[in-house]
Amino acid sequence: MRTGLLQIARPDRRLCYDNGGYLENWSVEAARIAITSDAPLLMTLLDDTDAAVRSSACYALAKALDDTESIRSALHRRLDVEQVPAARMSLILAIAQLARAHGAEPALTDLRQWWADLDRPSDVRVSAALAWRYLGGDPVPDDLRSLLTTEVTDEMAESLADVPWMKDVEFRPGTGLRRSVSLALDPAGDRRSTTG
C-alpha cells in the first residue's frame with residue numbers, strides 16, 4: 001500500500017515471523033542495529049564509483065536506528081553532486097524513509113520544493129513527488145498529478161528499474177516505477193492491491 005512503501009517495521013508491533021522462522025520484529029531490529037553500527041562505512045559507499053553500490057548504500061542507510069542526522073547530512077551532500085538518475089532516486093527515497101522513521105516534517109517541505117522546482121531534472125522531481133506522497137502528502141495536487149502522468153516515460157522507468165525501492169514493489173521486472181506512480185495517484189488502489 002502507498003502508506004507502507006517507506007515503512008521499515010510494522011507499527012503495531014504484532015508478532016510476525018519472517019521466512020526463516022524468526023520473529024520478524026526481532027530480525028528487523030537486529031538488522032537495523034547492525035546497519036546503525038556500520039553506518040560510517042556505509043556512508044563512505046555513497047561516493048563509490050559504481051552507482052549501483054551508491055543506491056544500495058542508500059537503501060541500507062535508510063534503515064538506521066540512530067545517528068540519523070549525520071546520515072541525512074551525508075545523503076543531502078551526495079544528492080547535491082549525484083549525476084546518475086537511479087542513485088538520485090535512491091538518495092531521495094532514503095531521505096524520505098529516514099524521515100518516516102524519525103520525523104517527517106522537514107523532509108515533507110524539502111520534497112515539496114524539489115518536485116515543484118521546474119529547474120530540477122525530471123527524475124529528481126518524480127522521485128521527490130513519489131516520496132512526498134509516500135510520507136503522507138495529501139491531497140494529490142494537480143501539478144503533482146500532471147508531473148507523474150507526463151514525465152514518467154518508458155525511458156525513465158527503465159533507468160530507474162534497479163532502484164531497490166522500485167524492485168520492492170514491482171510485479172514483473174521493470175514495472176516498479178509505474179506501480180509506484182499508480183499507488184501514489186490512486187489511494188483506492190491501496191485497498192484493491194491488498195484485496196485482489
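The values are calculated or read from the model by the stated rules, or taken from the named source; none is laboratory data. These numbers come from a predicted model, not from an experiment. Cβ atoms come from the backbone with ideal geometry, glycine included; neighbour counts cover every protein chain shown. The area values use the complete protein model at the heavy-atom level, side chains included, leaving out ligands, DNA and RNA. Shrake-Rupley method; radii C 1.70, N 1.55, O 1.52, S 1.80 Å.
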- request: Take the residues in the range 174-196 that are modelled with pLDDT of 85 or more and either polar (S, T, N, Q) or in a loop (DSSP other than H, G, I, E, B) (or both), then tell me which one is most open to solvent (accessible area, probe 1.4 Å).
  value: SER182
- request: Would you mind listing the helices (runs of 4 or more DSSP H) fully within the range 67-148 where at least 2 residues are buried (at least 20 other Cβ atoms within 10 Å of the Cβ), touching a residue at least 12 places away in the same chain (Cβ under 8 Å) and touching a Phe, Trp or Tyr at 6+ places or on another chain (Cβ under 9 Å)?
  value: 85-102, 105-116, 122-134
Subset of the range 149-173 [among the polar types (S, T, N, Q) and assigned to a helix (DSSP H, G or I)]: THR149, THR150, SER159
query: Filtering the range 114-136 down to residues that are more than 11 Å from the chain's Cα centre (by Cα) and of a type in the set (Phe, Trp, Tyr), which residue is nearest to VAL152 (Cα to Cα)?
result: TRP115
task: State which residue is least open to solvent (accessible area, probe 1.4 Å) when the search covers only the range 56-66 and only residues that are within 12 Å of THR36 (Cβ to Cβ) and either part of a helix (DSSP H, G or I) or touching a strand residue (DSSP E or B) at 6+ places or on another chain (Cβ under 9 Å) (or both).
output: LEU61
